[in-house]
Structures are given as structure tokens and as C-alpha cells.
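To start, the structure under review is shown below, and the notes come after it.
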Amino acid sequence: MSKEQSNNVNEKVITKKKAIGPWRIAWERFLKNRVAVVGGTLFIVIVLAVIFVPILSPYEISEFNL
């Protein structure tokens, strides 16, 4: 096998890896941390409650019963 043929074989063997961005790395590290996932889930639930509870609640903010 000549040197030129071995270079062609080596080029074919090398596979290109898909580049991983910093956001992907951060997301994967976040998913590995269970406490962070639970905290993020609770945060999303609270934000959704703040957004949707006033819409779904039958009571007005100014309405109160002493």
C-alpha cells in the first residue's frame, strides 16, 4: 500500500463529529442535576399559576368578604 493510498484510507476512517454548542452542554449538565430539575419544574409551575390563576379564578382582586 502506498503512502497516498494510506492517507486516503485514514481520511475515510476519520468521522466528523457534530459540533455541540455551549447551550447544549449547559442543558445536558442541567438535566444531570436532579435538584436543579426539581427547582426548575417548581419555578415553571409557579409562573404558570401566576399567569393562569387570575383568569380561572371566580373571584376578583378587589372583591373580599369580611
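The values are calculated or read from the model by the stated rules, or taken from the named source; none is laboratory data. None of these values were measured; they are calculated from a predicted model. No Cβ is skipped: glycine too gets one built from the backbone with ideal geometry, and neighbour counts run over all protein chains shown. These accessible areas exclude ligands, DNA and RNA; they are computed on the full protein's heavy atoms, side chains included. Shrake-Rupley method; radii C 1.70, N 1.55, O 1.52, S 1.80 Å.
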> residue 44: accessible area at probe 1.4 Å, nearest 10 Å²?
Replying inline: 100
>> I'd like the GluC sites (Glu not before Pro) in segment 20-66 restricted to DSSP loop residues with at most 13 other Cβ atoms within 10 Å, sorted by number.
In response: 60, 63
>> For a quick check of your reading of the filter: which chymotrypsin sites (Phe, Trp or Tyr not before Pro) in segment 21-66 sit in a DSSP loop and have no more than 13 other Cβ atoms within 10 Å?
In response: 59, 64
>> Through the Karplus equation 6.51 cos²θ - 1.76 cosθ + 1.60, θ set to phi - 60°, convert the phi angles of segment 27-41 into ³J(HN,Hα) values in whole Hz; use x for Gly and Pro.
In response: 5, 5, 5, 4, 5, 6, 8, 5, 5, 5, 5, 5, x, x, 5
